[in-house]
Amino acid sequence: MQPLIATRPSRGTPSKSARPEPAKTPEQSAQEKRANLISRAVANVQANMNTGKGGAKPQPDGERVKADPAPSRAAYRMQRVMLTPAYRLTIRVIFPFLIALVVATVYLSDEERRDNLLLTFNDVRNQIETRPEFMVKLMAVDGASDETEADIREVAQIDFPISTFDLDLDALRETIQGLPAVGHASARIRQQGVLEIDVVERDPALLWRSRDGIRVLDKTGIEIAELDTRAARPDLPVVAGFGANDRTEEALRLIRIASPFADRLRGLERIGNRRWDVVLQPDMRIMLPDEQPELALERAIALHEAQDVLNRDVAALDLRLAARPTIRMNAPALERWRQIKDVYLGAGN
């Protein structure tokens with residue numbers, strides 16, 4: 001008796017006894033797809049868990065699983081470091097600078113190379129500085145007298161032609177302004193290589209007579225020049241005495257007030273560095289007080305206009321005490337006054 005063998009119908013030819021499957025609705029198809037996706041996701045999670053424990057990662061349905069694109073922890077930290085500003089500064093600036101510094105140090109460590117490099121630099125600089133457009137050939141001085149111009153050329157000490165790179169205009173200007181007769185100076189280089197110096201001289205206002213000689217002062221008391229004789233500048237008034245050069249503004253105000261007898265004015269004398277005496281011709285003085293000398297001089301002028309005091313034989317008009325002006329007669333007038341007094345007293349007896 002032979003055993004019965006069950007045979008499986010082939011996939012190509014359906015069995016006669018098999019019933020036809022009913023058609024699936026769209027909802028059923030969607031549900032089946034979702035179920036398949038969920039089952040695949042669960043399988044992938046399980047495979048990852050197994051891989052992390054050292055097991056082999058399965059490949060379901062013969063598909064190749066893609067590698068995880070996330071970097072490792074060390075690579076991630078390295079990328080973060082490379083994005084920092086300090087790293088960029090180091091790579092772009094510090095590192096190239098250090099390389100260049102090392103190369104330059106190695107190259108310049110040789111003394112011969114240094115000398116050649118310095119010589120080349122000096123030659124190039126000299127060629128540039130001595131070009132014709134940078135050369136100064138002349139010096140022009142404007143606004144100065146002949147004596148002041150000669151002094152300026154003497155203190156400048158410039159040998160022409162000279163390069164503009166070798167000229168220090170600020171130092172030259174300060175040197176020129178250091179001259180007594182120069183109040184203000186400016187220096188500039190014009191076209192065609194001309195050094196132009198504009199000078200504003202100080203205006204002489206007074207002559208100051210001292211033990212050391214006669215000096216010309218401006219209105220601020222600065223010494224401008226020195227004279228040998230008074231006749232060299234007869235147009236300027238004279239002040240004398242210690243400290244007179246420090247009170248030039250006050251002296252000029254007194255001279256302006258004394259303008260009614262300017263033809264007789266010889267000058268002002270500083271007495272004890274405290275007060276002024278107005279000296280008139282011939283040998284007459286107006287003695288002014290320490291305080292408010294201008295007001296006292298105006299009173300003297302008013303007294304002269306009222307009583308013609310300054311045209312008499314008076315040696316001095318003392319106004320140091322405002323409440324008691326005093327007149328001092330000269331010797332001949334005093335002698336005549338005594339004679340008249342004696343005659344008057346004799347006639348009375």
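What spacing in nm lies between the two simple spin-label points modelled at ARG324 and GLU223, each 7 Å away from Cα in the Cβ direction?
4.3 nm
State in Å² the accessible area per residue of the range 100-176; use a 1.4 Å probe, count heavy atoms of protein chains only, and round to the nearest integer.
Spelled out: the 1.4 Å probe surface of the range 100-176, per residue, equals 75 Å².
Mind ordering 220-229, 154-163 by average Cβ neighbours within 10 Å, highest first? Working shown, then result.
On the way: 220-229: 13.8, 154-163: 11.8.
Per-residue mean Cβ counts within 10 Å order the peptides as 220-229, 154-163.
Relative to the compact-globule scaling 2.2 N^0.38 Å, provide the ratio for the alpha-carbon radius of gyration of the range 145-199.
That works out to 1.09 for the range 145-199.
How many percent of Cα pairs in the range 123-244 exceed 18 Å?
Above the 18 Å cut-off, the range 123-244 has 59 percent of its Cα pairs.
Report the label-to-label distance for ALA86 and ALA171 in nanometres (one decimal), using points 7 Å from each Cα along the Cα→Cβ vector.
4.8 nm
I need the peptides 102-113, 231-242, 127-138, 266-277 ranked by packing, meaning the mean over residues of other C-beta atoms within 10 angstrom, with the highest value on top.
So the peptides 102-113, 231-242, 127-138, 266-277, ranked by packing, come out 266-277, 231-242, 127-138, 102-113.
If I model a spin label as a point 7 Å beyond the Cα along the Cα-Cβ vector, how far apart are those points for MET78 and GLU112 in nm?
Placing both labels 7 Å beyond Cα along the Cβ direction yields 4.6 nm.
The values are calculated or read from the model by the stated rules, or taken from the named source; none is laboratory data. Since the model is a prediction, treat every value here as computed from it, not as a measurement. We place every Cβ from the backbone using ideal geometry, glycine too, and count neighbours over all the protein chains shown. When the accessible area is computed, the model is the full protein with side chains, heavy atoms only, and any ligands, DNA or RNA have been set aside. Shrake-Rupley method; radii C 1.70, N 1.55, O 1.52, S 1.80 Å.
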